[in-house]
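Note sheet for the following structure.
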Amino acid sequence: MTTSALQNSIVKDIGLAAEGHLKIDWVEAHMPVLNRIRRQFEQDLPFKGLKVSICLHLEAKTAYLAKVIQAGGAEVTITHSNPLSTQDDVCAALVEDGVTVYAKYNPEPAEFKALQLRALEAKPDLIIDDGGDFATIIASERPDLAATIRGGAEETTTGIIRLKALAKEGQLKFPMVAVNDAYCKYLFDNRYGTGQSAFDGIIRTTNLVVAGKNVVVAGYGWCGKGVAMRAKGLGANVIVTEIDPIKAVEAHMDGFRVMTMLEAAKLGDFFIAVTGNKDVITGEHYDVMKDGAILSNAGHFDVEVNKPELAKRSESIRTVRRNIEEYRFKDGRKMYLLAEGRLVNLGAADGHPAEIMDTTFALQALGLRYVSENYESLGKNVVNVPYDIDQQVASYKLESLNIAIDSLSAEQEKYLDSWKF
């Protein structure tokens, strides 16, 4: 434990560290790609002398990413991106490992924001962001904090939307690598990770059967595809709602019923919003829902399920199980909201599996190195992860699985590069 990390950190209880170390050790054993990158970083020290501030869901897999960045020579500071996903024992373990931590489970909103600000006030050279939280704080409140930042990497779809909006208005102060748009992110993390972890949170929290139930999935992007696939695998009758006609046709061709949310609201037993937008489920939908409907969000912010309109229709609100709030309507019907409408897979479970986050966080680590080495030529833009980094991560993953694939011969490459046959 470094004196600086211990003195500066704000965590719930440093005495919880032992359990946190066990969690981090477990994910480390199941993240072979990140382990390989850590060995590279220990030799190359790409972040030597640099400060890195991280804003992510603060649980064991994120903690190990922080340790990999630290192994690359960085002085690492980390904070939370969601009040319910923070694990206090993991925070304590990171402090013992020399990482400065500003995070607690479920703080008051003002403290949540203040702790994020503390991580930025560390004057980082590089950042890793989630949902664009760091970038929007800088743009809206503290532009002075951009002075030291070379650039960073963004984890989520929602964050990239916000970053592109900032860039369009000339408010993005440094380049940000769009990790979410890399193949090895959205094909695996968004689809297989969200699909499994969303139901992990729902099943852990409710202890109810999914088979035979009507599961309404709002949004058929890569996250929605994963949720719908897992719901089908659990035996559910899956209904998809969409605003994009192309994705709606895709959902139909994948074998799912497609309809408006107002139609689906009358049928659903479980509702899972995965859009990244606000007011996906609102008052008109509550008015026709069945008694006992279960509402959840696997998008990003707690705005997809409209909570004020849910409360407006209720004569009583009470917590009936951990992470389940019962809204009793004036007509006697009950609606159940999971994890306060925040991310159900992280607020009510442990997030994506370690093997899934292995490739995502490998992209984060290599993407951060890329922006650190090339920031002067990238401009103040949202930039893609270079394809060779994407392929490198996939190759490392295949090697860890002992899977070999073919390669093109010289003749095949010549054939593909020519218009003559």
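The values are calculated or read from the model by the stated rules, or taken from the named source; none is laboratory data. Note that the coordinates shown come from a computational prediction; the quantities given were computed from them, not determined experimentally. As a convention, Cβ positions derive from the backbone with ideal geometry for all residues, glycine included, and neighbour counts pool all protein chains shown. Areas reflect the complete protein model, heavy atoms only, side chains present, ligands, DNA and RNA absent. Shrake-Rupley method; radii C 1.70, N 1.55, O 1.52, S 1.80 Å.
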Of all alpha-carbon pairs in the range 303-358, indicate the percentage at a distance above 14 angstrom.
-> 58 percent
Would you compute, for the Cα atoms of the range 206-252, the largest minus smallest coordinate along each principal axis and list the three values in descending order, in whole Å?
-> 34, 16, 16
Within the range 13-87, DSSP-loop trypsin sites (Lys or Arg not before Pro) with at most 13 other C-beta atoms within 10 Å are LYS48
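How big is the Kirkwood radius of the chain, worked out from every pair of different alpha carbons and given in Å to one decimal?
22.3 Å
Suppose only helical runs count, i.e. DSSP H with n ≥ 4. What mean residue ellipticity at 222 nm does that imply for the chain under -39500 (n - 2.57) per run, divided by all residues and rounded to the nearest 500 deg cm²/dmol?
Values: 18 runs with 184 residues, N = 421.
-13000 deg cm²/dmol, from helical runs alone.
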Loop-resident trypsin sites (Lys or Arg not before Pro) in the range 321-404 with no more than 11 other Cβ atoms inside 10 Å, DSSP not H/G/I/E/B, are ARG322, LYS330
Along each of its three principal axes, how wide is the spread of alpha-carbon positions in the range 1-74, in whole angstrom units, largest first?
-> 34, 29, 21
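Test of understanding: express the Cα radius of gyration of the range 301-421 as a ratio to 2.2 N^0.38 Å, with N the residue count.
Compactness ratio reported: 1.82.
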Between the range 1-43 and the range 186-236, the alpha-carbon center distance in angstrom = 30 Å
How high is the relative contact order of the chain, in percent, with contacts defined as C-alpha pairs under 8 Å that are six or more residues apart?
-> 16 percent
Based solely on C-alpha atoms, express the radius of gyration and the Dmax of the range 124-275 in angstrom.
-> 18.4, 55
Provide the three semi-axes, in whole Å and in decreasing order, of the ellipsoid equivalent to the range 342-398 as defined by the square roots of 5 times the Cα gyration tensor eigenvalues.
-> 26, 17, 8
Given a cut-off of 24 Å, what percent of all Cα-Cα pairs of the range 83-199 lie beyond it?
-> 34 percent
In whole percent, the fraction of accessible protein surface over the range 192-348 that belongs to carbon or sulfur atoms, probe radius 1.4 Å, stands at 51 percent
When only alpha-carbon atoms count, how far does the range 192-348 stretch along each of its three principal axes, as whole angstroms with the largest first?
-> 42, 29, 29
Probe 1.4 Å - accessible area at ILE137, Å² to nearest ten | 10 Å²
How would TRP222, TRP419, TRP26 rank on accessible area, largest to smallest, probe 1.4 Å?
-> TRP419, TRP26, TRP222
